[in-house]
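What follows is a single structure, written as structure tokens, with notes after it.
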Amino acid sequence: MRRVAARLITTALISAVAVLVSDGVAWAHAGGLTSSSNEPVVVGIQPPVPGLTVTVVEAGARLRLDNRTGQRVGVLPPPGSVINALPVVDPGDVALWSDPRIVAASTKSRPPDARLAWRIPLRVGDGTVPIELVGEQRWPPPPDAGLWWLLTAGALVLPVGLVALGNRSSGRRVLKSPTQCAESPDSRGTRGGVSAVSRWTLAVATAVVMGAHVVHMYGSALVVAQGTLIWVFLAAAGFAVVGWPIGAAGAWLTARGRPAGPLLCLVAGALLAIIIAPADVFSFHDAVIPFAWGPDLDRLLIALTVGGGLGVVAAAWLLMRRTPATGSAVPPATEASGGQS
């Protein structure tokens with residue numbers, strides 16, 4: 001009965017998540033930021049203006065202007081443009097903006113020297129002195145995508161292989177001891193026909209996948225230049241905030257040998273690896289990633305989430321197939337012998 005109830009609850013959770021996701025938008029990183037093959041670099045301000053600084057933020061998505069000049073500073077639009085949303089910054093203020101010249105440069109093909117110059121005119125004070133922000137669009141060397149796809153495949157195969165081996169060894173022990181009660185663990189940790197190796201493999205794999213995705217989203221949220229961190233983090237996580245506690249509960253219940261555990265692990269793994277995280281795999285091919293602690297760490301976290309999540313789904317399925325139905329734990333021969341005294 002408990003297993004039937006657990007299946008019904010899990011089915012309801014899957015249905016609810018599917019309905020919600022069908023109307024939602026999954027973002028690859030916090031703030032709607034995405035990976036890219038290139039990034040802007042500020043070379044300088046010509047001529048230099050004391051107190052005026054411009055920096056690149058959000059992995060190149062926007063520029064930040066700090067005005068400590070004592071005069072108003074305006075960003076001028078491209079010649080002939082009707083754009084009027086570029087910032088005008090009062091003394092002591094800060095402005096963030098996405099400049100159309102940089103956006104245009106980022107869509108160009110990679111130049112032979114991997115650099116493309118751009119200039120943004122600025123008006124400082126009355127504008128009598130022409131000021132320009134000078135920069136370049138640069139294309140860093142792309143990552144070795146094959147390596148990250150290989151790690152993703154490894155993260156998929158490892159939990160499945162360990163669970164399959166654990167199931168095989170527990171199957172041999174059950175054949176050698178047919179009178180063992182399925183709900184009682186034997187001396188090697190087998191419970192309900194499932195070995196401790198299989199249970200703990202799935203539990204640990206699920207915890208690693210959930211943890212990897214949490215770190216990925218938090219590191220992405222740190223890059224966003226505006227907004228309260230906790231709200232940026234939660235908004236970027238989206239429906240993952242449902243998957244994380246489901247995965248944590250599934251790992252805990254699986255480690256304890258409860259039938260509902262693998263079901264919850266399967267739900268959480270499918271939610272992350274199939275619905276949410278696939279948009280992140282572009283980071284395997286792009287050099288610039290909006291992540292606070294380095295692109296390679298983020299790629300590793302993505303490989304663990306996508307590959308490990310798929311591995312959790314497959315491993316959980318194997319474990320559920322292995323778990324015997326309630327009521328068939330005691331063989332008929334044992335019941336018959338038990339009725340004689």
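The values are calculated or read from the model by the stated rules, or taken from the named source; none is laboratory data. Please read all numbers here as calculations on a predicted model, not as lab measurements. Don't worry about glycine lacking a Cβ; one is built from the backbone with ideal geometry, like all the others, and counts go over all protein chains shown. Accessible surface is based on the protein model in full, side chains and every heavy atom, while ligands, DNA and RNA are left aside. Shrake-Rupley method; radii C 1.70, N 1.55, O 1.52, S 1.80 Å.
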In segment 105-150, residue nearest to T305 (Cα to Cα) [restricted to those that are touching a Phe, Trp or Tyr at 6+ places or on another chain (Cβ under 6 Å) and open to solvent by less than 50 Å² (accessible area, probe 1.4 Å)]: W148
Residue within segment 179-198 that is at pLDDT 95 or above and open to solvent by 80 Å² or more (accessible area, probe 1.4 Å) present: no
Flag for L165 being open to solvent by 20 Å² or more (accessible area, probe 1.4 Å) and modelled with pLDDT of 95 or more: no
Every residue from segment 277-291 that is more than 25 Å from R138 (Cβ to Cβ) and open to solvent by less than 20 Å² (accessible area, probe 1.4 Å): A277
Restricting segment 230-272 to residues that are within 17 Å of the chain's Cα centre (by Cα) and free of Cβ contacts under 8 Å to residues at least 24 places away in the same chain, the residue that is most open to solvent (accessible area, probe 1.4 Å): W231
Qualifying positions in segment 57-95 - open to solvent by 40 Å² or more (accessible area, probe 1.4 Å), assigned to a strand (DSSP E or B) and either out of contact with any Leu (no Cβ under 8 Å at 6 or more places or on another chain) or not charged (D, E, K, R) (or both): V88, V94
Top-ranked residue of segment 151-161 - restricted to ones that are of a type in the set (A, V, I, L, M) and buried (at least 17 other Cβ atoms within 10 Å of the Cβ), ranked as farthest from Q46 (Cα to Cα): V160
Qualifying residue in segment 292-303 (condition: touching a residue at least 24 places away in the same chain (Cβ under 8 Å), within 17 Å of V208 (Cβ to Cβ), open to solvent by less than 10 Å² (accessible area, probe 1.4 Å) and more than 13 Å from the chain's Cα centre (by Cα)): no
